[in-house]
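Each remark here refers to the structure printed beneath this line.
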Amino acid sequence: MAKDHDLGKKKPLKLKTGSFDRNAAMARMGVMAGASFAGHTLGNLFRSKEDKERRNREFYIRQAQFLADELGQLKGSVMKVGQMLSVYGQYFMPPEAIEVLRSLQDDSPPVAWEELEPVVRARLGRERLAEIDIDPEPLAAASLGQVHRATRRSDGRQLCVKIQYPQLADAIDSDIRTLTQIVRLARLVPKGVELNAIMEEVREMIYREVDYDRELRMTREFSQRLAHDPRFVVPEVFPEYSTETVLVTSYESAHHVQSDAVQQLEQSRRNALGRQALELFCREFFIWGIVQTDPHFGNYKVRINDDGQDQMVLLDFGATREFAPRFLGSYYDVVIGAYEGDAQRLIDGAIGINLLRRDSPQHVFDAFAKVGMLMIEPFSAHPPAELTTDDGAYRWGESDLPFRVSRAVSDAAISRWFRIPPREIVFLHRRLGGVFVLLAVLDAEIDAHALLGEYLYHDADNRTETKTETGTSTAG
């Protein structure tokens, strides 16, 4: 779910769910995107090289802003595709366009309650709906649905009602086909990129996220896996009020990680929260092979407790992914190769997950290994002195590591040897990047070398612990 602060300031939308409305809006997008490109191309015929480059950057920004504005009004799968393009697109789209499309990640206006109330009544039935009192003001809004707080009349139990936008699932296939053409017309994807393959992966992801039955199971799965770890809170699910398109869970009070209450916690408490976030990711990937891949801060909130034992409240498991053992093994080689300074193991692992081509020249392998060693800097035995405390903890808030990694890749001139990463990598790194940002926002100081080592050298059988959605699992 998107960030919920300042949600009340956004003007509610009238949802365009009818096929005529959506098709008309998307046809308009296509015509305008194509006309804009034609005008831009004609104008470039009379410009100098320097002026062309400047105008190209301005063009990409305008096209991406137009796309973002239009998708934000349509909601549904087209907006979600825009969000996912900002994730995939970092590997092939102009950076100017990526920055604009990223605005779709957390700037979603809510849909007016009068648009949703008849849908909720039809989905739950009058009898069930009469048992709960739903607040018409949403707690959070996103591209595929929004969340409202509710009270169970019988006992006052506080609930969250997640409502999928009406007719959304029916429009996914046609929306993606149409949007694929619009992105091509807008010239936001360079020639040679397999846009159809990327869109097919996005399509599968969207179908997974609109499957509320699956999300209910995954919420319950995480709840059971973390049941014996008091540092984490996972909402209780209420199947009796849930349907394919309505998901009801317990309401869990907590603070946004960027709130003053969290930011003003003493250093040791912020460090503890940062360590919890790191351990959770390592447990999900290295132990369970099941990762919640949506890094929105709205999904990782903080419950501040008087005893100083603060908890992370985990929300929204629609983007949970399971990773195949073969992928886990190869990615493990990448990480442990970087951790141990074993360049060959790192390279072999990268080839195994189709991140690097086997026919690459040696200088590409060498450069890739160098980048890999740099990326693991926070987990190294001896991070740079200027980024560590006196007792050896890495200062996440002071680090400019993402910038240095990006510059290293650019300087090495190896990008053309990379393949667009498989979806496993894209969404795994999306979540991992979110963890890094979370630690930076907490201004955490953590010695993560031993922490990662504990999971890397965990017994191999436990590393591939049985993964299931049925709840018959063991906690890590």
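Looking across the stretch 321-351, just one residue is in contact with a Ser or Thr (Cβ under 7 Å, 6 or more places away or on another chain) and part of a strand (DSSP E or B), and that is 321. If the condition is being touching a residue at least 24 places away in the same chain (Cβ under 8 Å) and surrounded by 17 or more Cβ atoms within 10 Å (Cβ to Cβ), then the stretch 341-351 contributes 343, 346.
Among residues belonging to the stretch 127-147 that are out of contact with any helix residue (DSSP H, G or I) (no Cβ under 8 Å at 6 or more places or on another chain) and modelled with pLDDT of 90 or more, point out the one that is nearest to residue 248 (Cα to Cα). Across the stretch 127-147, the extreme among qualifying residues is 147.
Quick one: is residue 408 part of a helix (DSSP H, G or I), more than 26 Å from residue 320 (Cα to Cα), at pLDDT below 85 and in contact with a helix residue (DSSP H, G or I) (Cβ under 8 Å, 6 or more places away or on another chain)? Considered against the rule, which asks whether it is part of a helix (DSSP H, G or I), more than 26 Å from residue 320 (Cα to Cα), at pLDDT below 85 and in contact with a helix residue (DSSP H, G or I) (Cβ under 8 Å, 6 or more places away or on another chain), residue 408 comes out as yes. Among residues belonging to the stretch 259-307 that are part of a helix (DSSP H, G or I) and among the aliphatic types (A, V, I, L, M), point out the one that is surrounded by the fewest Cβ atoms within 10 Å (Cβ to Cβ). Step by step, filter the stretch 259-307, then rank; the result is 261. Any residue in the stretch 144-163 that is buried (at least 17 other Cβ atoms within 10 Å of the Cβ) and among the hydroxyl-bearing types (Ser, Thr, Tyr)? Checked the stretch 144-163: no residue is buried (at least 17 other Cβ atoms within 10 Å of the Cβ) and among the hydroxyl-bearing types (Ser, Thr, Tyr). Give the residue, chosen from 182, 198, 206, that is surrounded by 21 or more Cβ atoms within 10 Å (Cβ to Cβ), farther than 16 Å from residue 250 by Cβ and either in the same structural domain as residue 283 (by TED's automatic domain parsing) or over 21 Å from the mean Cα position of the chain (by Cα) (or both). After ruling out the rest, the residue left standing is 182. Determine if the stretch 148-162 includes at least one residue that is among the basic types (Lys, Arg) and at pLDDT below 85. Scanning the stretch 148-162, I find no residue that is among the basic types (Lys, Arg) and at pLDDT below 85, so the answer is no. In the set (1) touching a residue at least 60 places away in the same chain (Cβ under 8 Å); (2) crowded, with 17+ Cβ neighbours inside 10 Å, the condition left unmet by residue 364 is number (1).
Scanning the stretch 352-368 for residues that are of a type in the set (Gly, Ala, Ser) and not in a loop (DSSP other than H, G, I, E, B) yields 352, 367. In the set 364, 313, 291, 302, only one residue is within 20 Å of the chain's Cα centre (by Cα), over 29 Å from residue 204 (Cβ atoms) and among the β-branched types (Val, Ile, Thr); that residue is 302. The single condition among (1) farther than 18 Å from residue 312 by Cα; (2) part of a helix (DSSP H, G or I) that residue 248 does not meet is (2).
Taking residue 206 as the residue in question, decide whether it is at pLDDT below 75 and part of a helix (DSSP H, G or I).
No: the conditions fail for residue 206.
Within the stretch 372-406, the set of residues being buried (at least 16 other Cβ atoms within 10 Å of the Cβ) and either in contact with a strand residue (DSSP E or B) (Cβ under 9 Å, 6 or more places away or on another chain) or of a type in the set (Ser, Thr, Tyr) (or both) comprises 377, 378, 379, 380, 383, 387, 388, 393, 394, 395, 396, 399.
The values are calculated or read from the model by the stated rules, or taken from the named source; none is laboratory data. Just so it is clear, the structure is predicted and the values come from calculations on it, not from any experiment. For neighbour counting, all protein chains shown are included, and Cβ atoms are generated from backbone atoms with ideal geometry for every residue, glycine included.
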